[in-house]
Amino acid sequence: MISRERLNPLRKRITEIDSQLIPLCAERMKIAREVAMVKIGENMAILDENREQEVVERALALADGELKSEISLLMRSILALSRKHQRSQMLQGASSLLLPARPSVRENVTCAFQGAPGSWSEQALIKLFPEASRLQVDLPEDVFLAVKEGRVNYGVIAIENSQTGAIGETYDLLRQYGCFIVGRTEIEIRQCLLAPQGTKPADVRRVFSHPDDFKQCGHFLRDRAWDLTACRDTAEAAKITAEANDNRTAAIGSQYVAQLHNLTVLVSDVMDSEDNRTAFVVIATAPEYDESSNLISITFSTEHRAGALCETLMPFMAQGINLRRIESRPSSGPDSYRFFAELEGNILNADMVSTLQQAMASCRYLEVIGCYKSV
């Protein structure tokens, strides 16, 4: 009770100060709109670094010494909001964030996957499209080519593993081929040591698998003097092991691929972590979304300066939109990066559209590359 009595007058004073700040902030944003109109008319850049530095230094000159870092952050945040407000004026009337959705293909579905039969990609495809006709291709890029050339309706491609992280090549190919993400799922990865029938663990001398799968099983492999040979995927590793029919040869892969090649499981669950999952996305040539969609993928680039990324992400924080993941990939020039982010939400929601437009106003470039459902 005593603490509340001491806090109440302090909180009342804060409320009084806020009541003065809000109208001043609104007045500043109004002037920022007028500044934007002048800049549009004169074809001037929004960002004026020298002017912003002057504003910050003038504020710091008025600040108490102990509060200089807080005042600097406050002024730079206000300047970022002002800059975003000015850009939003320039973006009025801009085109839609995402093309209209096409109907999903329901009958006679064809889908491409990378890897040999039995690969984790094929298992993800079966989960997503159990009745689909499958096209097996050798390389991740071949999945995108099959989709773009119209040989299949969809492609299924790995995008992230819970242990080894994002698969950068998939992000690069999404931009290169201009495909849209129309679905997502996760596969539980249960790696096993596989070998020809009759093999004992002591017989093994050489093990085949994908490099990422070796990383996922590092603790199991560390104290074993085995030669590790990289393959394109675990399905190819299992096929090589089966064809060799040599008790000194083994593979790391799934129980499913072991059954396909009549291999025995020497050791189950050899992963470092029991929670080992790989996320796969479905790609198509056009977006597909409806009211049930719950995820949005975007790609964007920012100016190469302090705080640029923070400014782009600020609207999502303000609206309470959860950012599930963000990745950066090198772009065309030096010190140039493109970001990929996955958001929780739906492009059909007006608040989401408004937030994306605000983010667009805070960066060089922003594109929505999919609104979809995770299953």
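The values are calculated or read from the model by the stated rules, or taken from the named source; none is laboratory data. As the structure is a prediction and not an experimental result, all values here were calculated from the model. Note: ideal-geometry Cβ built from the backbone for every residue, glycine included; neighbour counts use all protein chains shown. Each accessible area value is taken on the protein alone, full model and side chains, heavy atoms only, with ligands, DNA and RNA left out. Shrake-Rupley method; radii C 1.70, N 1.55, O 1.52, S 1.80 Å.
Scanning segment 139-187 for residues that are among the hydroxyl-bearing types (S, T, Y) and open to solvent by less than 10 Å² (accessible area, probe 1.4 Å) turns up Y154, T170, T185.
Number of residues in segment 197-212 that are open to solvent by less than 10 Å² (accessible area, probe 1.4 Å) and touching a helix residue (DSSP H, G or I) at 6+ places or on another chain (Cβ under 7 Å) equals 1. Could you list, in sequence order, all residues of segment 153-177 that are under 22 Å from I347 (Cα atoms) and at pLDDT below 90? Result: R175, single match. For segment 337-370, filtered to residues that are in contact with a Pro (Cβ under 7 Å, 6 or more places away or on another chain) and in a strand (DSSP E or B), the residue that is surrounded by the most Cβ atoms within 10 Å (Cβ to Cβ) is G370.
Annotation note: Cβ proximity below 6 Å between a residue of segment 353-366 that is more than 10 Å from T312 (Cβ to Cβ) and in contact (Cβ under 8 Å) with a residue 12 or more places away in the chain and a residue that is open to solvent by 10 Å² or more (accessible area, probe 1.4 Å) and part of a strand (DSSP E or B) (sequence gap 6+ or interchain) occurs for Y365/S301.
Return a yes/no flag: does segment 306-322 have any residue that is open to solvent by less than 60 Å² (accessible area, probe 1.4 Å), of a type outside the set (A, V, I, L, M, F, W, C) and touching a Cys at 6+ places or on another chain (Cβ under 7 Å). Yes, because at least one residue in segment 306-322 is open to solvent by less than 60 Å² (accessible area, probe 1.4 Å), of a type outside the set (A, V, I, L, M, F, W, C) and touching a Cys at 6+ places or on another chain (Cβ under 7 Å).
Suppose we keep only residues that are in contact with a Leu (Cβ under 7 Å, 6 or more places away or on another chain) and aliphatic (A, V, I, L, M) within segment 314-326. Which one would you say is farthest from G345 (Cα to Cα)? Going through the qualifying residues, I end up with L323.
Okay, residues lined up against (1) at pLDDT below 95; (2) over 30 Å from P330 (Cα atoms):
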{"residue": "V257", "(1), (2)": "yes, yes"}
{"residue": "M271", "(1), (2)": "yes, yes"}
{"residue": "A279", "(1), (2)": "no, no"}
{"residue": "E303", "(1), (2)": "yes, no"}
